[in-house]
Amino acid sequence: MLDILVAGGGYVGLSVAVSIKKAAPHLNIMVVDAAPEDAWKRDGRASAIAAAASRLLDALGLWSEILPQAQPINRMVITDSKLADPVRPVFLTFDGKVADGQPFAHMVPNPAMIGPLLRAAGELGVDLRFATTVVSYRADQRCATATLSTGEVIEARLLVACDGAKSKLRDAAGIKTVHWDYGQSGIVTTVEHERPHEGVAEEHFLPAGPFAILPLPGNRSSLVWNERTADADALVNGDELVFEAELERRFGHKLGNLRVVGPRRAYPLGLTLARSFIAQRFVLAGDAAHGIHPISGQGLNLGFKDVAALAETIVDADRLGLDIGAENVLERYQTWRRFDTFRMGVTTDVLNRLFSNDITPIRLMRDFGLGLVDRMPSLKNFFINQASIASGADPKLLGGTMP
């Protein structure tokens, strides 16, 4: 019998396996993923990794391998304007350093994270199965019994579902969600520009949704461009010249000529929060537990917080000789993560509704609020620290130490 079966071999699933296996090498862990073995090499996207998440990766011995391919965010600039405005006034800026002098976040190409995680999992003895999914499972007091797409039947003391926002295992476990669609899609692509970005990230709040420019190594930037879903689909599937013209209207000219160098993709945006993070012999982590609006750039970092909390919960229980799949053990993980997740979900929902409109009184109120925050260094530091620094109540991995 396995100790842990992880369904989903993305950042969260692999990080769960590596974190637990590194702290408790005797536990038998398997990771199954629907994608082919080398699919991650073709992922052209990049992700914002907050300081706490980079400390987790450092504790796993991976950050030194990732860092040479990462771009520190040295400064964050926030504007609020209409698309036709000739000038975009800056209402809020954040210095990119946290208390210990490190950047509050890095932009990391996705393959630069997946590659080291896969290597570490293999070296630690995690059983990796690609092009394989859990098609069904049942649980009882003794174990979770999963049937794989290969026909193999696996018994495990705990099944960890990291199979994404549309998690089929979450549905199979009977866990309900709070969900609504924003009517927006996030266009993601990579651009190359003539002049250096100096590590500055920009977020322009426009009536259709935020337009974020996130620096990558070299003269390149990753874009997260929010539009109404119909408009986003038309832009992604339409003429390249139209796409580039609309992109230039939003990006501006201060970095010189632009060239799209990555694929154009649009992802529907909504809020999805699981009503429970656990069931019998079963736990949710990452997007399977929560899908939030990218307005704050915290989606993946919420997943890394799940990793830290789940790893510490499982390792502590194992050291005490407890059943790692027991409900009272998993309840600790749920208590640790559910309130923080709901708070972030509500925060991003309010921010999106506040900024994705062109109602004049609301614009005046939010611009006043942004300007007020910009003039209060202690308040700005609070917002940075919320996303970047682990507190004493947080799991040990977020502070850079193994559980």
* Structure fact -> The correct count of residues that are small (Gly, Ala, Ser), touching a helix residue (DSSP H, G or I) at 6+ places or on another chain (Cβ under 9 Å) and farther than 30 Å from residue 347 by Cβ in the stretch 234-274 is 1
* Matching residues, the stretch 102-154, being of a type in the set (Gly, Ala, Ser), touching a helix residue (DSSP H, G or I) at 6+ places or on another chain (Cβ under 8 Å) and either part of a loop (DSSP other than H, G, I, E, B) or within 21 Å of residue 278 (Cβ to Cβ) (or both) -> 125, 136
* Asked: Among the residues of the stretch 37-49, is there at least one that is at pLDDT 95 or above, over 23 Å from residue 142 (Cα atoms) and not aromatic (Phe, Trp, Tyr)?
  -> no
* Assess whether residue 276 counts as being over 30 Å from residue 338 (Cα atoms) and either at pLDDT 95 or above or exposed (fewer than 15 other Cβ atoms within 10 Å of the Cβ) (or both). => no
* Structure fact -> Restricted to the stretch 247-297 and to residues being of a type in the set (S, T, N, Q) and in a loop (DSSP other than H, G, I, E, B), the residue nearest to residue 353 (Cα to Cα) is 276
* To do: Just one of (1) at pLDDT below 90; (2) closer than 28 Å to residue 95 by Cα trips up residue 359, so point out which.
  => (2)
* Only residues that are in contact with a His (Cβ under 9 Å, 6 or more places away or on another chain) and at pLDDT 95 or above: list them for the stretch 50-66, please. => 66
* For the stretch 189-196, state whether one or more residues are modelled with pLDDT under 95, more than 19 Å from the chain's Cα centre (by Cα), in a strand (DSSP E or B) and hydrophobic (A, V, I, L, M, F, W, C). => no
* Among the strands (runs of 3 or more DSSP E) lying completely within the stretch 1-57, list those that include at least 2 residues that are not small (Gly, Ala, Ser). => 2-7, 29-32
* Structure fact -> When every residue in the stretch 41-59 that is of a type outside the set (Gly, Ala, Ser) and surrounded by fewer than 21 Cβ atoms within 10 Å (Cβ to Cβ) is compared, the one nearest to residue 304 (Cα to Cα) is 58
* Structure fact -> The correct count of residues that are closer than 15 Å to residue 290 by Cβ, assigned to a strand (DSSP E or B) and either polar (S, T, N, Q) or more than 19 Å from the chain's Cα centre (by Cα) (or both) in the stretch 155-177 is 1
* In the set 188, 134, 126, which member is closer than 22 Å to residue 299 by Cα and of a type in the set (Val, Ile, Thr)? -> 188
* Asked: When the stretch 169-195 is examined, which residues are found to be charged (D, E, K, R), touching a residue at least 12 places away in the same chain (Cβ under 8 Å) and surrounded by fewer than 20 Cβ atoms within 10 Å (Cβ to Cβ)?
  -> 176, 181, 192, 194, 195
* Failed item in (1) more than 30 Å from residue 235 (Cβ to Cβ); (2) in contact (Cβ under 8 Å) with a residue 60 or more places away in the chain; (3) among the charged types (D, E, K, R); (4) surrounded by fewer than 22 Cβ atoms within 10 Å (Cβ to Cβ), with residue 198 passing the rest -> (1)
* Asked: Which condition does residue 33 not pass, out of (1) of a type in the set (Asp, Glu); (2) more than 22 Å from residue 165 (Cβ to Cβ); (3) surrounded by 18 or more Cβ atoms within 10 Å (Cβ to Cβ), if it passes all the others?
  -> (2)
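The values are calculated or read from the model by the stated rules, or taken from the named source; none is laboratory data. This one's a predicted model, so the numbers in the text were calculated from it and none came from an experiment. Reconstructed Cβ throughout: ideal geometry from the backbone, glycine too, with neighbour counts over all protein chains shown.
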